[in-house]
Amino acid sequence: MRRWKYGVNTGENVEIIDKVTACAGFADEKKAKDVVALELFGLTDVADYFLLASGTSERHVRTIAESVETGMKQMGIKPYSLEGHDEGRWVIIDYRSVIVHVFLEPLRELYDLESLWIEAPRYRLNKENKHLEVENG
């Protein structure tokens with residue numbers, strides 16, 4: 001897991017792993033389902049991590065996304081862009097090095113980003129200590 005600083009256009013000096021862990025925690029607070037981080041460093045220039053989470057309804061998807069966005073803003077980190085919030089089916093929050101995808105469950109299955117990035121190491125949030133841990137298997 002990569003641990004280096006992020007600070008582009010935010011004035012903040014937050015380690016990337018701390019950013020992705022915070023996003024996972026904010027999603028988990030709103031009962032997001034199947035929260036997983038994919039480490040993409042060396043696989044693409046788009047981002048270092050994708051954080052994937054699912055909601056059970058359009059309202060749930062929007063609530064999860066709002067929790068992530070609000071929590072990150074409280075940490076002093078604003079998104080570079082945000083898409084899909086009004087529809088609530090697939091919300092994308094771009095923090096440059098970390099891109100958060102909050103899906104309606106059937107859309108997550110349809111687009112299957114986990115299979116697209118099959119070679120990416122996967123991490124899940126340990127709910128007890130609020131840290132990301134490598135996924136076994």
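A short reminder: the numbers here are calculations on the coordinates, not readings from a lab. Because the structure is predicted, anything quoted here is derived from the model rather than measured. We place every Cβ from the backbone using ideal geometry, glycine too, and count neighbours over all the protein chains shown.
From Cα pairs below 8 angstrom and at least 6 apart in sequence, can you work out the relative contact order of the chain, rounded to a whole percent?
Value for the chain: 24 percent.
Quick one, what does Rg over Rh come out to for the chain if you take C-alpha atoms and the Kirkwood Rh?
Radius of gyration over Kirkwood radius for the chain works out to 0.93.
Would you kindly state how much longer the chain becomes between LEU82 and GLU135 on full extension, computed as 0.36 nm times their sequence separation minus their alpha carbon distance, in nm to one decimal?
16.3 nm
Compute the label zone of GLU105 within segment 49-88: residues whose backbone N is under 18 Å from the point 7 Å along Cα-to-Cβ.
52-65, 88
Around GLU109, under 13 Å between beta carbons, what's the net of Lys plus Arg minus Asp minus Glu among the other residues?
Around GLU109, the charge tally is -1.
Give, in nm to one decimal, the length gained when the segment between GLU66 and ASP45 is fully stretched (0.36 nm per residue of separation minus the Cα-Cα distance).
Additional length available on full extension: 5.0 nm.
Can you list which of the GluC sites (Glu not before Pro) found in segment 61-130 are DSSP loop residues with at most 16 other C-beta atoms within 10 Å?
Sites meeting the loop and neighbour criteria: GLU87, GLU119, GLU128.
What size of dipole, in debye to the nearest 20, comes out for segment 5-124 about its Cα centre when the only charges are +1 on Lys and Arg C-beta atoms and -1 on Asp and Glu C-beta atoms?
Dipole magnitude for segment 5-124 comes out near 320 debye.
Which FRET efficiency value, to the nearest 0.05, is calculated for ARG59 and GLU114 with the Förster distance at 30 angstrom and r the Cβ-Cβ distance?
That gives a FRET efficiency of 0.80.
Any chance you could count the Lys pairs in the chain whose alpha carbons are under 21 Å apart, treating pairs 8 or more apart or on different chains as valid?
Taking the chain as the scope, the lysine pair count is 21.
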